Structure formats: C-alpha cells, structure tokens
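Below you'll find the structure, written out as structure tokens, and then a few comments.
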Amino acid sequence: MKLAEETFKLIAQDVLAVAPARAHDLTRLHTLRCRADKPTVTVIGKYNHGKSRLLNELMGSDVFSVADRRETVSLAEHVHQDVRWLDAPGLDADVGMADDGRAHEAAWLQADIRLFVHAAKEGELDAAERRLLQTLRADEERTRRKTVFVLTQVDQVADEQHLGKVTDAIRSQAPQMTLHPVSSTRHRQGVEGGKKLLLEKSGIPALQTVLRGAMAAVPDARRHETDLLLGEIRQELKHAQTAVIRQLQAQRDTQQQQRHDFEQGLFDVLDKVQIDLQPVLEFTGIDQSLVPDTAVHEFKLTEGKKERARIQIAYSRACIAIRGHLVKHGVVGLPLAQQTSVRSLDTVMVAVMGVSVKYRDDLRRIFCEQAGRDKLAADFAHYFELSEDRTALATQIVDSEVALAGADKAVSALHTLEHV
C-alpha cells in the first residue's frame with residue numbers, strides 16, 4: 001500500500017527524533033512503498049561516459065538528451081514498458097556538489113537496479129570509481145539491489161588487443177563484478193541498417209537479457225530490503241528505548257536511595273543528639289537557666305549564666321552534628337528565591353532552626369518530642385529536595401521521561417509504517 005506523504009513525514013519525524021542517522025533509510029523505505037509498481041533502473045557514472053546514449057539504446061527510443069558537452073544537469077526519468085529509467089548528472093559534473101546530490105538520490109534512494117557505467121576509452125577505473133563500485137557491491141550483498149557493470153564506448157578503443165588490456169585491467173580492479181562491454185553506436189547502426197551481427201556485437205541485446213533477469217528479481221529484492229531496513233531501524237529504536245528505560249530506572253533508584261540515606265542519616269543524628277542532651281535536660285529543683293540576672297550580676301558568673309551556657313553548648317553541638325549531615329548531602333545554602341542580603345542568614349540551618357536562644361523546654365520540644373523530630377525531618381527534607389544535586393537529578397529524570405516518551409512514540413510510529 002502506498003504511503004501518504006503527510007503520514008510519512010509524521011512517522012519520519014517521530015523516528016528521526018530518536019534515530020537521526022536513519023533519514024536515508026526512511027526515505028528509501030518511502031520510495032519502496034511509493035514505487036512498488038515499476039522497477040527503477042538508474043545509470044551511474046562520470047560525465048561523458050555515454051550514460052544517456054546507453055539508456056536510449058536500451059529503451060529503443062531517443063528520450064534522454066545526448067551531446068558531447070555536459071547535457072544532463074538534473075534527474076531525468078522516463079517510463080518505458082513498465083520500467084522507470086533514471087538518467088542522473090555525472091558524478092563529477094558539478095564542483096558545487098548539486099549534481100552529485102541528484103546522482104546520489106538516483107543511485108541510493110530511487111534505484112532498484114544500478115547500471116555502473118565506465119567508458120573503455122578512459123582506461124582503468126580511477127580511485128573514486130573504485131570506491132563507488134565497492135560501495136555498490138557491498139550494498140548489493142546487503143540489500144540485494146543489483147549493480148550491473150557496463151563498459152561503454154568499446155568502439156572508441158583503438159583495437160581489440162587494446163580493449164582486451166583495458167578489460168583485463170578493470171576486471172583485476174573489480175574481480176567480483178561481471179563486465180558487460182557495449183557499444184551504443186554499433187547498436188544504433190545495427191538497428192538502422194538491419195544488421196543482426198552488428199547488433200549482437202554491440203553487446204546491448206546481451207545487456208538487455210541481463211536486465212530482464214535483474215528486473216524479475218526486483219519484487220523479492222524489495223521485500224528483502226524493506227524487511228532489512230525496518231528490522232534495523234526497529235532494533236535501533238528498541239535498543240534506544242531499553243537504554244532509556246534502564247537509565248530512568250537507575251536515576252529513580254538513585255533518587256530513592258539518596259532520600260532514604262538522607263532521612264535515615266538524619267534520624268540517626270537526631271537519636272544521638274537526644275541521647276547527648278539527656279544530661280543537660282535532666283535536673284531537679286529550680287531551672288537556673290530561667291532565672292534572670294539583675295544589674296548586680298552583670299559582671300558576675302551566676303548559676304543562671306552557667307546553665308544557659310551549658311544549654312547553648314549542648315544546642316550548638318546538636319546543630320554541628322546536624323550540619324555535618326547536611327553538608328555530607330549537599331544541603332547547605334538556601335535556594336536563590338529564599339536568599340537575603342545577609343549571607344550568614346542564607347543557610348538551611350538558620351532557615352529551619354532559627355536564630356533565637358534555646359532553653360531546656362525548647363530542646364525537649366525540638367529534639368525529644370516526636371512532633372518536633374518529625375517537623376525537623378520534614379523541614380530538612382524539604383531543603384534536601386531543593387539542593388543543587390537533587391534538582392539536577394530531578395531534571396535528569398524529567399529528561400529521561402521525555403526521552404522514553406519519544407522512544408515509545410518512535411516505536412509506535414515505526415509499527416504504523418510496517419503495517420500501513
């Protein structure tokens with residue numbers, strides 16, 4: 001079934017968001033779906049190697065422009081006897097690479113069969129042609145798209161001996177490829193003069209036979225290539241999906257473990273603080289820390305001053321223990337929105353514990369009563385979640401959730417492409 005252009009664009013957008021390197025494969029898949037009725041033959045080669053003339057002889061009609069100067073500057077096509085023929089610019093025709101791009105489209109996105117053309121008069125293949133031929137050969141093994149090596153303009157070689165040297169040299173360069181020598185000129189002369197022997201000697205009839213066999217194999221090759229590309233893309237998307245799932249789970253596990261470690265560590269500190277405070281909180285008689293000093297006692301060491309100092313030292317030790325736990329978990333400064341112009345006040349300890357003087361009843365309420373301990377735990381946990389490391393991890397989790405949603409969407413989109 002042919003795939004609507006807009007549907008394909010939406011599918012491609014979802015898939016490419018996860019697998020951006022698959023743009024070429026998706027375009028090729030779209031071509032396979034849209035061109036499922038006619039096999040496409042593309043001629044590939046350098047400028048002035050007889051590509052257009054070869055296509056005209058194969059079709060038996062002067063459809064494509066032929067000239068000694070650069071003539072083919074765009075991707076030209078013609079449908080003849082249920083075959084779509086493409087004539088692209090020469091691979092070396094445009095230093096600006098525009099024509100090379102059209103040739104690439106013809107060879108890699110459109111073609112079911114590639115006719116690799118090299119003129120005999122040029123002698124051996126150059127480095128660029130060898131690389132291209134190797135790439136085409138590898139692609140044929142992978143996708144089953146046939147590449148036919150055509151040696152054109154054999155009539156322009158000095159003699160048969162020289163032609164033999166050229167063909168031997170080229171065969172040594174491409175030992176896995178079958179070479180098909182042809183002469184479009186001889187074929188045209190044979191057609192116009194009714195000379196059967198000249199027709200046969202042109203090599204065109206033999207090449208036509210090879211092409212008919214290749215065309216017969218196109219449906220199976222297309223099915224194979226379609227399954228191959230879909231399978232590769234599916235595997236890549238599944239791999240990406242699995243990787244994101246694992247990453248997200250690891251991040252959530254880390255988030256949960258960090259919270260557990262913070263809370264458990266804080267409770268352990270509070271338990272120790274409560275134990276350490278007991279000698280200070282246990283007393284009989286009058287609580288001297290609550291007895292105010294008079295002006296007479298301003299420069300004297302009174303029992304009240306001793307008790308208040310003892311309580312403040314115990315409180316300070318408790319705060320130091322708690323602060324050590326906060327520092328360990330990166331919970332020190334206040335979030336930017338809560339900061340003031342006084343840096344010494346912009347700490348989590350000040351925000352939670354305050355700056356007021358503490359007495360025994362305060363210590364009991366804060367550190368020994370369950371309600372006080374729970375409030376401390378809740379307040380410190382609040383700032384723990386606002387710390388830089390925790391907010392960074394939360395952001396990473398959100399990013400992973402978005403990535404997972406994208407991967408799920410891409411997998412679903414590919415499923416639609418497979419079954420549309």
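Bear in mind that the values in this text are calculations on the coordinates, not laboratory data. Given the structure is predicted, the values throughout are model-derived calculations rather than measurements. Cβ coordinates were reconstructed from backbone atoms using ideal geometry, including for glycine residues, and neighbour counts include every protein chain displayed.
Key figures
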| read-out | value |
| --- | --- |
| FRET efficiency for E124 and A392, using Cβ-Cβ distance with R0 set to 51 Å, rounded to 0.05 | 0.25 |
| Residues T178, T135 arranged by fewest to most Cβ contacts within 10 Å | T178, T135 |
| Reach of K201 by Cα under 29 Å, taken over lysines that are not fewer than 8 positions away in the same chain | K46, K51, K121, K146, K165 |
| Quotient of Cα Rg and 2.2 N^0.38 Å for the range 238-408, N being how many residues it contains | 1.42 |
| Rounded to 10°, Cα long-axis angle of helix 160-173 versus longest principal axis of the chain | 20 |
| Under 18 Å from K238, Cα to Cα: lysines that are on another chain or at least 8 residues apart | K409 |
| Fully extended contour minus Cα-Cα distance, from E192 to D37, at 0.36 nm per residue | 52.5 nm |
| Point-charge dipole on Cβ atoms (K/R +1, D/E -1) for the range 238-408, about Cα centre, debye to 20 | 340 |
| Distance (nanometres) between label positions extended 7 Å along Cα→Cβ at V350 and L230 | 6.6 |
| V79 paired with Q288, simple spin-label distance in nm, labels 7 Å along Cα-to-beta-carbon | 10.9 |
| Charge dipole (debye, nearest 20) of the chain; +1 at Cβ of Lys and Arg, -1 at Cβ of Asp and Glu | 420 |
| Within the chain, helix-based [θ] at 222 nm, where runs of 4 or more DSSP H residues each add -39,500 (n - 2.57), nearest 500 | -20000 deg cm²/dmol |
| Hz values of 3J(HN,Hα) by residue in the range 251-267 - Karplus curve (6.51, -1.76, 1.60), Gly and Pro given as x | 5, 5, 4, 4, 4, 5, 5, 4, 5, 4, 5, 5, 5, 5, x, 5, 4 |
| Exposure proxy ranking, count of Cβ atoms within 10 Å, fewest first, for H329, H224, H260 | H260, H224, H329 |
| Check: the range 98-244 dipole with +1 on Lys, Arg Cβ and -1 on Asp, Glu Cβ, in debye | 420 |
| Amide proton proximity set for V43, modelled H, under 5 Å, gap of 5+ | L86, A88, L115 |
| Separation between Cα centres of the range 245-267 and the range 164-216, rounded to whole Å | 72 |
| Given charges at Cβ of Lys, Arg, Asp, Glu: the chain dipole, positive-most of G60, L301, G330 | G60 |
| Cα-derived Rg over Rh, computed across the chain with Rh taken as Kirkwood radius | 1.42 |
| In nm, spacing of pseudo-spin labels at A206 and C319 (7 Å Cα→C-beta vector) | 9.9 |
| Between 0 and 90°, nearest 10: helix 303-328 axis offset from the chain longest Cα axis | 10 |
| Amide hydrogen neighbours beyond the local backbone of T147, cut-off 5 Å, H modeled | R114 |
| Virtual paramagnetic centre 7 Å along Cα→Cβ of H415, amide N under 15 Å, in the range 4-31 | 15 |
| Where chymotrypsin sites (Phe, Trp or Tyr not before Pro) in DSSP loops with at most 15 other Cβ within 10 Å are excluded, longest remaining stretch of the chain | 1-282 |
| Among A217, G164, V154 the positive-end extreme of the charge dipole of the range 143-227 (Cβ point charges) | A217 |
| Within straight-line cross-link reach of K9, aspartates and glutamates at Cα separation under 16 Å, skipping those fewer than 8 residues along the same chain | D25, E418 |
| Extended-chain gain in nm, criterion 0.36 nm per residue less alpha-carbon gap, V327 and D399 | 23.2 nm |
